[in-house]
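Structure record follows, encoded as structure tokens.
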There are 4 protein chains.
Amino acid sequence: MGVIGYGYWGPNIVRNLQSQENMRVVAVSDKNPNALKRVSKAYPDIRLTQNAREVITATDIDALAIVTPVSTHYDLAREALVGGKHVFVEKPFTASSAQAKDLIDLATQKGLTIMVDHTFLFTGAVRKIKQLIDEKVLGDLYYYDSTRVNLGLFQHDANVIWDLAPHDFSIMDYLLPEKPRAISATGACHLNGHEDIAYITAFFDNNLIAHFNVNWLSPVKVRTTLLGGMHKMVVWNDVEADEKIKVYDKGVEIKSAEGVYQLLVSYRSGDMWAPKVEQTEALSLEAKYFAECVESGKTPFNGGEAGARVVRMLEAANESLKMKGALIYL
Amino acid sequence: MGVIGYGYWGPNIVRNLQSQENMRVVAVSDKNPNALKRVSKAYPDIRLTQNAREVITATDIDALAIVTPVSTHYDLAREALVGGKHVFVEKPFTASSAQAKDLIDLATQKGLTIMVDHTFLFTGAVRKIKQLIDEKVLGDLYYYDSTRVNLGLFQHDANVIWDLAPHDFSIMDYLLPEKPRAISATGACHLNGHEDIAYITAFFDNNLIAHFNVNWLSPVKVRTTLLGGMHKMVVWNDVEADEKIKVYDKGVEIKSAEGVYQLLVSYRSGDMWAPKVEQTEALSLEAKYFAECVESGKTPFNGGEAGARVVRMLEAANESLKMKGALIYL
Amino acid sequence: MGVIGYGYWGPNIVRNLQSQENMRVVAVSDKNPNALKRVSKAYPDIRLTQNAREVITATDIDALAIVTPVSTHYDLAREALVGGKHVFVEKPFTASSAQAKDLIDLATQKGLTIMVDHTFLFTGAVRKIKQLIDEKVLGDLYYYDSTRVNLGLFQHDANVIWDLAPHDFSIMDYLLPEKPRAISATGACHLNGHEDIAYITAFFDNNLIAHFNVNWLSPVKVRTTLLGGMHKMVVWNDVEADEKIKVYDKGVEIKSAEGVYQLLVSYRSGDMWAPKVEQTEALSLEAKYFAECVESGKTPFNGGEAGARVVRMLEAANESLKMKGALIYL
Amino acid sequence: MGVIGYGYWGPNIVRNLQSQENMRVVAVSDKNPNALKRVSKAYPDIRLTQNAREVITATDIDALAIVTPVSTHYDLAREALVGGKHVFVEKPFTASSAQAKDLIDLATQKGLTIMVDHTFLFTGAVRKIKQLIDEKVLGDLYYYDSTRVNLGLFQHDANVIWDLAPHDFSIMDYLLPEKPRAISATGACHLNGHEDIAYITAFFDNNLIAHFNVNWLSPVKVRTTLLGGMHKMVVWNDVEADEKIKVYDKGVEIKSAEGVYQLLVSYRSGDMWAPKVEQTEALSLEAKYFAECVESGKTPFNGGEAGARVVRMLEAANESLKMKGALIYL
């Protein structure tokens, strides 16, 4: 494999690709010479270049990991696919739905694999919640409510939605069988011209509703997702070291009501249960899965289509944001 | 004083009015005979009736506490004001802005006091945050973000916005000198035809933004408000027994940026400080303040105007909710 | 019933005795006239006196609740038993084992009921843990480790062991089928001549060990008990509003070891489970149980013998404390 | 430098020594060939051997890090000192006080530096607490109470005291100007013949008392230390990511008492304050400090004497443990 980009996330990508039995990273490119020095120190045998094209066109490379800013994804991935190489692309997949569609079409036509790095889908927590949903433990879903806030990582080329929401959009896309129909988003910018706070609602055909709170200006780090189901409810707190997932045997039942201030709905309150969550590094599992998909030719669940759905939600959220919450259909 | 309504909240009202030095509750009405039995057991000397009118027209009563469902507030308060009585009205003030305006006009004309029971404004936590804002400790405010979720108390005559948001709207109205210009709200209903989940954004003239997450379907109880300021940030966690308020010396500063992926904004991270919060029962302080306002004739900060602003926000949020987030100007 | 003592805990006793169907409090005594005024305000029909003897000797009273400082328990209870009255005695039962034995003998001889107010045994949390132990969910027990610390309630007639440890000693006595053989205690006093910090170890015949950390000088309130069993382990956090009890499917297994620094023991780490805990007020259940025991003549599990075992542990802990941890056999 | 032992902790030692500007690791020894392979992969230039003596006697080495089981410390360190090499020894310093004394004498005689790896002393948390004590913020100290429990890391050559207590003994030794006079310890063993639970009390000349709760059988990880002072109290929770240290403006004051059940002592309850804690890796600061001490010849505060005091406490705790809490003077 070749890897393009060795900034914040690149070292994790290289380390996990390298640790797979049936993969080898043979070349890394980065415009920044200091980044290349860091590669060299950790992996003396890897070929280095400041020119991404040299990696893309290398004949000893079957697949490329593109770990660069989103604005460059399309050109790099297109060139790689045209050159017959499988691609593993950092999230978000592309800067627009049109770009995503073009890459998907190209990969289909050439019989190549696209995988988008939706790392969270490979965490023990998300896999456990997926299992709870698939096994109907939660029952029909009422809502999906996510909060992802902390201080910073302001970026000069993206707002907080493009930065943080891809995580949550990809997780929701993976967990829920239903797909959202429309999006409303609000937000504000305070410091550098990009929104640093945003609130996004996704509407579904049934009464299911999803909401995302993303914020670069919070003094505390919160990574909490609530899923409310008819039978059980889940709280996923990702900043907890242990007990990341709690399943509550709590709910409500409709009853006939009488009189003013009588409750229409009765509570059910039972045990709470924190299932053990696997600790294997997500990126390692994802790298392994990429190899599997490339070898077998099967389409990954985090392939181009999943990436495109996330990009479409990002676009819609940003359109709505500009219009202070106006509903944007997907 | 007379008290109309002795349901869930009425006993607290009577107990706190009764404990004031210069007040006495002489009559209580409630349509429910069991409620009256409870009054009788606790306060054998209080006059009881199932007919609210008997309390409203009683000649030995100077002021009335109206602790009934919101749909009845206007008629009861109007009759009381017409009869020359001061009123203490449960939140939300009225079922519509028009009703609120009419009552305010009537009270002004008759020189009578209206106080809306925005109890939270008298808690130690809210008073401490008010002090931090007034003393410019936080600096210019960036956002106000509130989450008030738990399992239930479904009501058959109101949705979750009318039930829970009056708390947060009244707190924000009290804390922030600026008033919101427009509102966008989204939500969903799952059980009894009323929305049980809602997300509300309030826009202000400057870049200040406020957001409210209210939910009757959460397995966990959350009562958290974040206030982000230029100098400091506050996390108010009302379910904590101690350390309800934490003031973070955290923030961001704009710097010139260079290169892709360079940070535009730098963090500042200092100490955290949890100021001592007064424990006196809020409703007792409010009852005392009501007596002061009635005696002195001064307009309470939680008077009809504050109540009307909250009602206007509730109306706007519900209008927007029906239109899936469409912006409603206030 | 008659009640002697209406200080800090007396009002809870009277309220809960009074709320039982088959009980009535007819007289209360307290040396403090202000205490009697409070009784009168809440219960106008109860007979009042500053002289405990008037209650003890009243012919319309079948049973006495003794809610006074421990130094007075023996004389009051003895007089009551001699007079043919059942007694409900505040914890700790008596100031010495000898006193306890004398009262037990007297009650047996007269066929009267003694119940010691070990309120915690009637909480949902303790009853749930008892069930987990009785149903062998935890397996053989390794240890019982309790921490009960907070700021103050310094008393001028008792040290922190006599004040706080009766709770934990009575809970352990109830939960564990085994009884301790010896005690070692350490501690220190800083302010008023009584120990305000103490650490107590209880040894059992098998390898089971118990430890108690009691402290009046802690800035934070901690109420945590760990029970380690061969199969599962319990953490009971009594300051949590919900999820007071967590059952961990965690443990260790012995394996053969090889080489220096090889682990001899392997971990087992599975799910965590927080069973629902009943919320009924403990003192109400205890009052009901007292009535049952008096009517049926059965010996309560929190009777004189249980009270005496707790007193013996208190004595031993204090003896050891004076000798800086010297082992005292029970 | 040379490093002997590349097991669990060795890689951290090598990485941090290596990252210092004025140090270089030239040789590593370990009996386990797999350990040497790991060194080779990470540091291709380092000389490797299974024979510790080759490192100790190497002429291009000025100082040795001894990162082996405690039973080997004395022989290795002695040989190193005899050979004129400075030593950095893993904690606990030695297996006995006699060994410690011998090494100290030898180092003094040869003018060589001994540093014991009491890593915690270089954490931001401990340095901040040291500052609070030195600047008299806490006032006279009442107690030091530490809990260090979690599931396992059972070792076949040491009990839980030798494994976990060196951390807390070295921290206390560093923080408190006073030194303990006597120790009482209790504990139990359940699985492999070594105590897996222990409770240790340390007595001081004044009323200061210290207590240590160490446990390998806890289902939850707790790392909490409380320091109670006359003016302020500290809670150090090392498992918190942020706000590890909380300083409470809480305390008690003695007042004259009147009447039974009157409080003798009144509370003071003010703000809480969580000072910012430095995040620099402790072992890196310690490595730097080792280089400084070697160069300047100054005696480190975590030198042989500090190591010997910790070993003496470990010995005393184990003696007392064998005698179920009997007091052992230091």
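No lab work stands behind these numbers, since they all come straight from the coordinates. Everything numeric in this text was worked out from a predicted model, so none of it was measured. Because the Cβ atoms are built from the backbone with ideal geometry, glycine has one as well, and the counts that use them run over all protein chains shown.
Taking the Cα centre of the protein assembly as shown as reference, the dipole from Cβ charges on Lys and Arg (+1) and Asp and Glu (-1) amounts to some 0 debye.
Taking a ≥ b ≥ c as the square roots of the Cα gyration tensor eigenvalues, with a/c under 1.5 meaning rounded and otherwise prolate when a/b beats b/c, else oblate, which class fits the protein assembly as shown? Because a/c hits 1.5 or more and a/b fails to exceed b/c, the protein assembly as shown counts as oblate. Copy-to-copy label distances for A:Glu295, where each label lies 7 Å from Cα along Cα-to-Cβ, are 5.3, 7.4, 8.5 nm in order of increasing length. Angle of helix C:73-82 to the longest C-alpha principal axis of chain C, folded into 0 to 90 degrees and rounded to 10: 60°. Checking every one of the trypsin sites (Lys or Arg not before Pro) in region A:133-193 against DSSP loop status and a limit of 16 other Cβ atoms within 10 Å picks out A:Lys136, A:Arg181. Neighbour counts of C-beta atoms inside 10 Å place A:Glu315, D:Glu295 in the sequence D:Glu295, A:Glu315, starting with the fewest. In sequence order, region C:121-130 has phi-based couplings of 5, 9, 6, x, 5, 5, 5, 5, 5, 4 Hz under the Karplus curve 6.51 cos²θ - 1.76 cosθ + 1.60, θ = phi - 60°, and Gly or Pro positions carry x.
The mean count of C-beta atoms from other chains within 10 Å of the C-beta of residues in A:178-190, rounded to a whole number, is 5.
Only Cα pairs under 8 Å and at least 6 apart count here; give the relative contact order of region A:143-201 as a rounded whole percent.
Once divided by the residue count of region A:143-201, the mean separation gives 34 percent.
Taking all Cα pairs closer than 8 Å and separated by 6 or more residues, the relative contact order of region B:132-237 comes to 43 percent.
Measuring between their Cα centroids, region A:171-234 and region A:51-119 lie 28 Å from each other.
Rounded to the nearest 0.05, what FRET efficiency is calculated for B:Asp271 and D:Thr280 with R0 set to 25 Å and r the Cβ-Cβ distance?
Values: r = 18 Å, r/R0 = 0.71.
Given R0 = 25 Å and the Cβ-Cβ separation, E is 0.90.
Sorting C:Phe204, C:Phe290 by the number of Cβ atoms found within 10 Å of their own Cβ, with the fewest placed first, yields C:Phe204, C:Phe290. Projecting label points 7 angstrom from Cα along Cα→Cβ for C:Val82 and B:His231 puts them 7.2 nm apart.
The calculated 222 nm mean residue ellipticity attributable to helices in chain A amounts to -10500 deg cm²/dmol, summing -39500 (n - 2.57) over DSSP H runs of n ≥ 4 and dividing by all residues.
Computed from Cα atoms, the angle from the helix C:97-110 axis to the main principal axis of chain C rounds to 60 degrees.
Shown in residue order for region C:133-149 are the 3J(HN,Hα) couplings computed by the Karplus curve 6.51 cos²θ - 1.76 cosθ + 1.60 at θ = phi - 60°: 6, 4, 7, 6, 5, 7, x, 3, 8, 9, 7, 10, 9, 10, 10, 9, 10 Hz (x for Gly and Pro). Listing D:Met23, C:Met272 from fewest to most neighbouring C-beta atoms within 10 Å gives D:Met23, C:Met272. Using Cα centres only, tell me the gap between region A:307-330 and region B:25-43 in whole Å. Here the two parts' Cα centres lie 55 Å apart. Across region C:3-122, the mean sequence separation of Cα contacts (distance under 8 Å, 6 or more residues apart), normalised by length, yields a relative contact order of 21 percent.
The residues packed around D:Trp162, meaning those with a beta-carbon under 11 Å from its beta-carbon, carry a net charge of -3 if Lys and Arg are +1 and Asp and Glu are -1. In region D:1-54, which trypsin sites (Lys or Arg not before Pro) are in a loop and have at most 12 other Cβ atoms within 10 Å, using DSSP for the loop call? Nothing satisfies the criteria. Residue of chain D with the Cβ closest to the rotation axis carrying D onto A, and that distance rounded to whole Å: D:Pro44, 4. For the listed residue pairs A:Lys246/B:Lys322; B:Lys276/B:Lys298; D:Lys136/D:Lys244; C:Lys324/D:Lys128, the alpha carbons are over 22 angstrom apart in A:Lys246/B:Lys322; B:Lys276/B:Lys298; C:Lys324/D:Lys128. 3J(HN,Hα) along region B:84-96, derived from phi through the Karplus expression 6.51 cos²θ - 1.76 cosθ + 1.60 where θ = phi - 60°, amounts to x, 10, 5, 10, 10, 10, 4, 7, x, 3, 9, 8, 7 Hz, with x in place of Gly and Pro. Placing a label point 7 Å from Cα along the Cα-to-Cβ axis, A:Gln20 is separated from the same position in the other copies by 4.1, 7.1, 7.3 nm, shortest listed first.
For B:Thr72, the label point sits 7 Å beyond Cα toward Cβ; its separations from the matching points on the remaining copies run 4.8, 6.9, 8.3 nm, from shortest to longest. Approximating the spin labels as points 7 Å out from Cα along Cα→Cβ, the C:Asp157-to-B:Glu253 distance works out to 6.2 nm. Once both labels are positioned 7 Å from their Cα atoms along Cα-to-Cβ, the gap between A:Ser19 and C:Asp62 label points is 7.2 nm. Cross-link partners for B:Lys41 among the aspartates and glutamates, with Cα-Cα distance under 13 Å and sequence neighbours closer than 8 places in the same chain left out: C:Asp45.
Of the beta bridges DSSP finds with both residues in region A:76-210, what % are antiparallel, to the nearest 5?
Details: 9 of 15 bridges.
For region A:76-210, the DSSP antiparallel bridge percentage is about 60.
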